[in-house]
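To start, the structure under review is shown below, and the notes come after it.
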Ligand code: AMP
Ligand code: AMP
């Protein structure tokens, strides 16, 4: 059995982790990135493809695909969900993640505090962030102080969702829900750095929320304990709403305000690039595992344990 992924986002994390756990790996790579991935010693794993879509035609027989942010960005959630690939993770969760309405329903039903959503522009009574549907990387978002400001910034023909703008610190917490060990592990925390929302704007312009990278964060321990409860509630909420389980990695994206209120505005039901910081380990994964444990390795370890217990099908959903 091979572990495979596409060459971007967190591929170094996933492939290095699978290798150290003794798996053969396959990295689907566009020709222009061949030298880059070969420079890390991955040349024997490379399968050169001209378009990421080509992975959909691969024989799924002996490859377990580990999905990451580039799968949805370059292939699309719909095509992935329909494909015959063996995907480590939950297609159902992917579906809920791809739909803004389902996404907020899941966060709310899990008992998490979410930013208020304004159904229409005329309901705006506070500073808001306007989000476009299915946006990748915050493209087309704008912020507005009030309703008039929102009207001024709207682009014609674009559909927006308006959310209360929360002033605070962005905190992204990653988890691993192990089916093999029947437990939730808190994995790490980071701050997503966005240009130029996180840079010091020198003039009054709309910020952009394009992701540049991630910065490590170690939370107050009392706050970390609250995030553990948030993770548990999310797993439980998903089960109650859909009957499904969440296999493996997920991330809850939050903002903590000055009163230490935690607002959850997003989630990802898969490995996130913020875990790339925590190679070879995070403080938390080291305490849990007492060895170097990064997310790519943790996924491979889980696949191995599920294979041994004959339970892998439960995590390929
Ligand atoms: P890339 O392959 O870098 O173009 O990324 C693929 C998708 O994942 C894009 O939608 C990116 O916005 C997203 N992405 C890449 N890196 C990160 C990151 N560090 N945090 C959040 N999203 C990311
Ligand atoms: P999203 O596409 O929902 O992940 O949002 C992209 C970025 O917009 C986040 O990383 C935050 O910087 C910002 N953002 C999203 N929602 C809110 C909110 N309700 N209040 C303040 N900032 C937000």
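Every number here is computed from the coordinates shown, using simple stated rules; none is lab data. Worth saying up front: this structure is predicted, and the values here are computed from it rather than measured. Neighbour counts run over all protein chains shown; Cβ positions are idealised from the backbone, glycine included.
Compute the relative contact order of the range 38-102 as a whole-number percentage, counting only Cα pairs closer than 8 Å that sit 6 or more residues apart in sequence.
Relative CO of the range 38-102 lands at 31 percent.
With contacts defined as alpha carbon pairs under 8 Å and 6 or more residues apart, what's the relative contact order of the range 117-164 in percent?
53
As a footprinting exposure proxy, order 277, 215 by other Cβ within 10 Å, with the fewest listed first.
Arranged by neighbour count, lowest to highest, 277, 215 become 215, 277.
Checking a compactness column here: for the range 155-279, what do you get for Rg(Cα) / (2.2 N^0.38 Å), N being the number of residues?
With N residues counted in the range 155-279, Rg over 2.2 N^0.38 Å equals 1.17.
Find the relative contact order for the chain and round it to a whole percent, using C-alpha pairs within less than 8 Å whose residues are 6+ positions apart.
Once divided by the residue count of the chain, the mean separation gives 21 percent.
Relative to the present Cα-Cα distance, how much length would full extension add between residue 32 and residue 212 at 0.36 nm per residue of separation?
62.7 nm
If each residue's Cβ is checked for other Cβ atoms within 10 Å, how do 175, 263 rank with the fewest at the top?
With the fewest neighbours first, 175, 263 line up as 263, 175.
Taking the mean number of other Cβ atoms within 10 Å as a proxy for protection, how do you rank 47-54, 124-131 from highest to lowest?
For the peptides 47-54, 124-131, the packing ranking is 124-131, 47-54.
Could you tell me how many degrees, from 0 to 90 and to the nearest 10, lie between the Cα long axis of helix 221-242 and the main elongation axis, the longest principal axis, of the Cα atoms of the chain?
Taking the Cα atoms of the chain, the angle to 221-242 is about 80 degrees.
Enter the per residue convex hull volume of the range 117-164, computed from alpha-carbon coordinates, in Å³ rounded to the nearest integer.
68
What fraction, in whole percent, of alpha-carbon pairs in the chain exceed 30 Å separation?
34
Nearest 10 degrees is fine. How inclined is helix 100-109 to the longest principal axis of the chain, computing both from alpha carbons?
The angle comes out at about 90 degrees.
What does DSSP give for the chain in terms of the percent of beta bridges that are antiparallel, rounded to the nearest 5?
That works out to approximately 75 percent antiparallel.
At 7 Å along the Cα-to-beta-carbon direction for both residue 222 and residue 47, put a label point, then send me their distance in nm to one decimal.
Taking the two extended label points, one gets 5.1 nm.
Give me the angle, in degrees from 0 to 90, between the Cα long axis of helix 11-20 and the longest principal axis of the Cα atoms of the chain, rounded to the nearest 10.
Long axis of 11-20 versus the principal axis of the chain: about 30 degrees.
With springs only between Cα atoms under 10 Å, which of 104, 83, 268 fluctuates most in a Gaussian network model of the chain?
The residue that fluctuates most here is 83.
State, to one decimal in nm, how far the label point of residue 195 lies from the label point of residue 153, with both points 7 Å from Cα in the Cβ direction.
2.0
Taking neighbour Cβ counts within 10 Å as the exposure measure, how do 181, 100, 297, 258 sort from fewest upward?
Going from least to most buried by this count: 258, 181, 100, 297.
Per the Debye formula with a single identical scatterer at each Cα and no solvent contribution, what log10 I(q)/I(0) holds for the range 137-227 at q = 0.11, 0.18, 0.22 Å⁻¹?
With one equal scatterer per Cα and no solvent, log10 I(q)/I(0) is -0.49, -0.96, -1.17.
So how much slack lies between residue 74 and residue 139, counting 0.36 nm per residue of separation and subtracting their Cα-Cα distance, in nm?
21.9 nm
Along the Cα-to-Cβ line of residue 102, 7 Å from the Cα, sits a label point; which residues in the range 242-276 have backbone N less than 17 Å from it?
Residues passing the 17 Å test: 242-247, 251, 266-270.
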